[in-house]
Structure formats: C-alpha cells, structure tokens
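Engineer: Before I ask anything, let me first share the structure, which is written out below as structure tokens.
A short reminder: the numbers here are calculations on the coordinates, not readings from a lab. What you see is a predicted model, and the numbers here were worked out from it, not measured in a lab. Here the Cβ positions follow ideal geometry from the backbone for every residue, glycine too, while neighbour counts run over all protein chains shown.
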Amino acid sequence: MIEEVNEIFSQRLKEAVSMSGISYSDLAVKLGINKATVSMYIHGKALPSLPTFYKIAEILDVSSDFLLGKNEI
C-alpha cells in the first residue's frame, strides 16, 4: 500500500512541478528543505510530512487530492 502511495505521489508531484514551471531546486528552497529530500519525493523513495505535503500543494497551486491521485486538476 505505501509503495502505491509513493508511486502516485511521486508521479503527481512531477506533473505539478512541470506545470508550475518551478524547478526542483526552487521548490526545495521554498519548502526550506534539502534538494536531496525533494529528489527522494520525486523518485518515490520518501513521503513528506503532513505540513510539508500541504505546503507543496500550496506552492504548486494544486489540491492535496490531486497529489494523492484522487482527482485530476
């Protein structure tokens, strides 16, 4: 189950970043985290904490449901 969540989140995160025009480095800076951590999210190796998850959605201007694969933009 967790692998499926990681896969969905990483795919949706890639889509949202691509649509936003924000680089992964810029996203890391805006989140106040290391670029390597963002890379782990992108590659499905880790999931963000809940506060970071909501901040990602806010920065990328997408819903949390989109990031979880529950709906389309």
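Engineer: For the pair Glu3 and Leu68, what calculated FRET efficiency results from E = 1/(1 + (r/R0)^6), where r is the Cβ-Cβ distance and R0 = 22 Å, to the nearest 0.05? Don't skip to the answer; put the middle values down first.
Structural biologist: Values: r = 14 Å, r/R0 = 0.66.
Here the calculated transfer efficiency is 0.95.
Engineer: Note down the magnitude of the dipole of the chain about its Cα centre, charges +1 on Lys and Arg C-beta and -1 on Asp and Glu C-beta and zero elsewhere, to the nearest 20 debye.
Structural biologist: Details: 7 positive and 9 negative charges, 55 e Å.
Roughly 260 debye for the chain.
Engineer: Separate question: Go through (i) 13.4, 45; (ii) 11.4, 35; (iii) 10.9, 30 and flag the label whose value is the computed Rg and Dmax of the Cα atoms in Å for this structure.
Structural biologist: The calculated read-out lines up with (iii).
Engineer: List nothing, just return the count: lysine pairs in the chain, 8 or more apart or interchain, with Cα separation under 17 Å. Write down the numbers at each step before the final one.
Structural biologist: On the way: Lys14/Lys30; Lys14/Lys35; Lys14/Lys45; Lys14/Lys55; Lys14/Lys70; Lys30/Lys55; Lys35/Lys45; Lys35/Lys55.
Going through the chain pair by pair, I get 8.
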